[in-house]
Every structure is written in C-alpha cells, then in structure tokens.
Amino acid sequence: MVLTGFRPRRLLVVVAVLFGVLAAGVAPAAAHAALTGSDPAQGSVVAHAPEQVALTFSEGVAMGNDSLRVLDPQGKRVDRGKLRNLCSGSVVKYGAGLPPGLPNGTYTVAWQAISADSHPVSGAFTFSIGAPSKTAAAVPQQQVGGGLVGALYEIARYLAYAGFVLLVGGAAFVVACRPAAARVRSVQRLVVRGWALLTGATLAMLLLRTPYTGSGKLADVFDFGGLQQVVMSKPGAALLSRLLLLAAAALFVAVLFGAYARLHAPDGTDANDTDGSDGTGEAEDTEDAEDAAKRRKDLTFGLAAGGTVLAAGLATTWAIAEHASTGLQPAVAMPVDVLHLLAVAAWLGGLAALLVSLYWGPPVERTAVRRFSRVAFGSVLVLVATGTYQSWRQVGSWHALTDTSYGQLLLVKVGLVAVMVAVAGLSRRWTGRLTAATPGTNRTNHRNRTDRTESTAAPAVAQDTSAPSDTEDAPAADTAGSGGPADPARVAQLARQQAALVTARKKRIRDADPVRRGLRRSVLTEAAVAVLLLAVTTALTTTEPARTAEAVKAASADRSPDANQPRVLNVPFDTGGADGKGTARLDLDPGRSGGGNELRLRIADPSGKARDVPQVEVSFTLGAKKLGPLPVALRHSGTGHWTASGVQLPVPGRWQLSLLVRTSDFDQVTETRNVTID
C-alpha cells in the first residue's frame, strides 16, 4: 500500500518525541543496590543506646564519611562522622560509631551511596532508645538521583547510547558494507552527528554526576571540587576515558571521510587522468589503478582494525561502570556486555546509515544491501547469545520475568527485537526482488541520471533548470539584455525555485523503482522500532536487576515471615457471675517490635453479638528481659469495641498478654496468652 503524504522525517521525530514523553516519567532511577538490613532494625525500640549503626546492602556500594548520618530527636547529628567498613565475605556492611550516653528518644538514620553499577541509592529510617518520641530531624524528601537533575541525566544517558550507535554503526556500514557511502553527504552527517551527540552527552553526564549523586541541585554542575571527586570515582573515570577515546575517534572520522573517501572516487582512483598523448598513458593508468587499489586495501584494513579497537574501547566504558561490573561473574559479564553493545551498534547504526542512504543520496547498490543484511544477521546471532547470558545473570528465575520491573522491561525488549527481526525478514525479501527486478542496464542508467542530478553546485543547477521539461512551471529568469539591474529578491526566489526543481527531479528518479521504494519503507519501519528498542535498553540500565530484587524480597522474608500479618488472639473468658461468659478477640497489627502497633479489641457474648463491659484492660510482659507489665491505653470506639494506637513493644520476643475483663461490680477475670513479636 502506498501512503500519500508520507514523511519519513516526521515519523522519526514523532517516535523520538514519544520516547521523550515516556522517559520523562521514569524518574528517579530505580535502585540497584538495596538495603537488606540494619542494626538497630528499622522502627525498633532498644533498651540501651547502641555502640554503632550498621547497614547491610545487597551488593557492593561506595560510601564516604558523610554517607551515613544519625540525627537525634532535635535534628542534631550525633554519629562520630567516621564510616567503618564492616564487609565480610559476600556481606556488604558499613557502620558509623555512636557516642555513649545518648538520651532516650527517636533517632533518624539518613544514608546515601553509589552502587557498584554507578547508580545512586539513598534512604532513611528511625529507631528509638528507651521509648519513641517526637523528632525534628529533617530528612530530604526527594530521593537521590531524582528530580530535574535525574531526568536530565537519564536523557543524557539515552543520547549517549544513541550517539554510540550512530557513530560506530554508521562507520562500520561504510567500511564493511558500502565504501562509496564515504562520499555521501547524508551518511557523513549521520556519523559526525553521532560523534557530536556522544561527546556532548558524555560531557553532560560528567558535569551532572555531582548533583545526580549528591545534592540534586542543578547549580552544582559548576562545583569543580565535586567534579574532581567524580573523576576519581569509577563512573567518572569511565566517562573521562570515553572522552579521550572520542578524541581519537575524531581523527578516525576525519580519515574515513577524507583520504578514504577520495580513494573511492567514482573513477576508482584519486589520481588525475592522463590523455595518453605520449604513448605511455595506458600503462600509467594501469599502474595508477593498481596503486590505488593497494592503497584502498591497506587503508580499509587500517580503518577496520583501528575502528574495532576504538569501538570496543568505547563499549568498555559502559561495561566497567554498569550492570556487568557487579554481581555474578563480572570477569565474563564485561566482555559479553562489550560484544552485546557492539552488535547493537552494528545492527541499529548500520540500519540508520542504510536508511539515510536510501532516502538522501544516490541509489544504494544491491551488493551493499546484501552485505549489510549479512552483518545484521550476524549481529542478531551475537545479540541472542549475549542477551541470553545477560538475562540469566540479571533475572535468575522464570517467575522474576513477570514479578519484577526488570523482567517486564526485558520481555518488552525481547518483543521489540522479535518485531525488528520480522521486519528485517521483509527487507531481505525486498532485497531479493531488487536483484531480480532491476536489470543491469536500467540500473546503470538510473544511477547515471541520479549522479548527474546529485550535485547542488550552481553550474549543475543551471544545467538542470535549462531542461524544458523541468522548467515549464518556473518563472522566466531575468535576461541579460533587459538593461536593468538584477533584483536580489528575484534572484533569491529563482534560486529557491531551481533548487526545488532539482529536489523534485531527484525524488521522481528515486521513487521510479517500486522495489527500492518498498525496501526504503521496510527499513524505515525497522529504524522506528529501533528507536523504541534503544529506549527500553536505556530504561533497563536504570532499573534494579530482577535477581537483586528477588534477593531483597527473600532477605525480608527471612527476617520476618509474618511481618505483614497481624497477630490475632481469641480469648474466651468467664467471670463467674450472671452474663459473665464471652469471648475477646484481639488484633495486634502489624505485631512487630517498636511503637507502630495498633491494637483492636472486640468483646462478644456467647451468641457472638458485640457487648460492652464495665472494664477491660490489656498489658504486655516480657519476662526474659524483665520488661513490663506495659499497660495499653484503650479507647472505647463503639459497642463492644476498643482500640489503641502506638502500642510500644520495645524488643522482639515471646511476650505475655494479660487481659482483664470485669462484667459487674464483683465479677472479673484475668486471662493470659503468649504472643510472638518480631
């Protein structure tokens, strides 16, 4: 089906804007290292002041002396300001010492760290000494890595990936698939813009790193002291190394579109032709051709080797600072990640170069399309192999694919890859028809006509516009014999009209072949899906791996299997008097140590109907710690119902609950039950 009014540029812009809208909602980035435990525990009440506060993480983190702060009820920092590395074996643990003699009250622990894959994490919790109290400690409401700075950093991360793909994939397309594309202006612009995009995004990430991992204030991009600390960190060193490699890549691009492009001039050499008037011209032409072929071969090999080293080096700057550098088998995961990134660039970047070649440039040779098809197929095989390993490493189990954000994003990515492979199959079919449907003579004539109209220089424009068939709708040019001076506005108008005629002629020639038109549209569809695929890939780098998320859940379950389940007790009683029998139901929610429990009490008669009694009391005692009895202040909330908030059970253990029920002035009974508090 032929679409009327089809505009490929508009479609790409719409897809890119759609990703921008989606990416704007993804802030802050999900944590990659998670807090799996603390001592004292979150929300706990301890009888005496601890010697230190210790935090346990799911994976390696980087922390400084100011990364862990303990604030008293008045908001004053009370820790010693010296971080202790308590890591042992596979346990990642850090602590901060506390002075002796801290008064009773509620203390706030605020922490932030950089996970091993360069993402910032932060959090805060409270614990109480003796008994809970009010606290004036101010804790940042915005999570580190969020807000405007977080959004800008994630956009820069996406643009860096896009620039890498365009730079590496576009250059690989020229060297491996279509050397003649080194002289095509649209391909040159694509690769150069990819280099500029990657360089600018890397600089932005380097400057944003200080506020991204710290204050969150955009003005801190000019904090050169913070920038110095960033450069000394692993992520900062990776970004700085990327900039150095990009300086070398600039030289590579200059050679690619300079000497390499001249060696692939239309005549096959970069030497001037001779007229052979001295009888030796033919022999000299042969020698020049052989010399040019040798130089092309040598330069192609040099560019291929050097470009591979540069591309692998650029990919390594991601591998050493992202998911691959931490977790299981980092020595294997980092080389696999490099291969994965190179395969992505060869496929998607080459696809972008093919797309601009098909839309803005001379007709693409069928051999070039075939070469890229083989490169893309090999890239897909590498992606399948490396992606399978990465999925096993980051997900770990089948149910994590659907139960975690990382697994769900991974399924979306796999689906998009499947769509791209299906569309690529359609493109391969168009390529096969291109070979059979385009006779050699017609192709040659078509290419020659296009080459004659490709130049936009003034003489060529004048020659093109002299054709009657192409200028019948154009206004007559000012003649030299009119005697009057030329009107500048009129001259500019004629130049625009002539340029429009040349562009229209190019489009007619380009669209004359329906097979090539079908190939262009299928490649454009691949490119549109590739934009979304790159967006999902970027989102995966900012999402907590499924294996880590599952480990955090398991650690939480090990600490308290019934942490979210209230403790429920049904206590029958009989005071011995008239109407002295009944049942009391007590719900303690969530039934954990600390001061955040809520107690709900219901008194019912033998028939199950709620009833009031003159007096009811509840208290808790922990004999092992010689704590209690701790009375509970009950509030009558309705017929047969009492409630109490903020029930304080300072430490976990097997507590004894005492329930006193009085049904008359003389009849009462006390019942006791044991309840386990985590």
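Surface composition of region 326-406: carbon and sulfur make up 70 percent of the accessible area, probe 1.4 Å. Element breakdown for region 168-215 at a 1.4 angstrom probe: carbon and sulfur atoms account for 63% of the accessible area. Of the solvent-accessible surface of region 615-654, computed with a 1.4 Å probe over protein heavy atoms with every protein chain present, carbon and sulfur atoms account for 53 percent.
Derived scalar couplings between HN and Hα for region 655-661 equal 8, 9, 9, 10, 10, 9, 10 Hz in order, rounded to whole Hz, by the Karplus curve 6.51 cos²θ - 1.76 cosθ + 1.60 (θ = phi - 60°), x for Gly and Pro. Summary of the geometry: region 54-71 and region 297-346, compared by the centres of their Cα atoms, lie 32 Å apart. Please list, by residue number, everything in region 173-213 whose backbone N is under 19 Å from a paramagnetic label point 7 Å out along Cα→Cβ of residue 231. From region 173-213, the list is 199-213. For region 174-187, putting each phi into the Karplus relation 6.51 cos²θ - 1.76 cosθ + 1.60 with θ = phi - 60° gives couplings of 5, 6, 8, 10, 8, x, 4, 5, 5, 9, 8, 4, 5, 5 Hz, in residue order, rounded to whole numbers and with x for Gly and Pro. Using a cut-off of 24 Å between Cα atoms, the listed pairs 76/626; 76/134; 93/413; 93/234 include 76/626; 93/413 as exceeding that distance.
Accessible area per residue (1.4 Å probe, heavy atoms of protein chains only) ranks 63, 334, 420 as 334, 63, 420, with the largest value leading.
For region 292-399, run through the chymotrypsin sites (Phe, Trp or Tyr not before Pro) and keep only the ones in DSSP coil with at most 12 other Cβ atoms within 10 Å of their Cβ. Answer in residue order: 398. The equivalent ellipsoid of region 618-677 has semi-axes of 23, 15, 9 Å, largest first, where each one is the square root of 5 times an eigenvalue of the Cα gyration tensor.
The values are calculated or read from the model by the stated rules, or taken from the named source; none is laboratory data. These figures come from a predicted structure and were not determined experimentally. Because the Cβ atoms are built from the backbone with ideal geometry, glycine has one as well, and the counts that use them run over all protein chains shown. All accessible areas refer to the heavy atoms of the entire protein, side chains included, with ligands and DNA or RNA removed. Shrake-Rupley method; radii C 1.70, N 1.55, O 1.52, S 1.80 Å.
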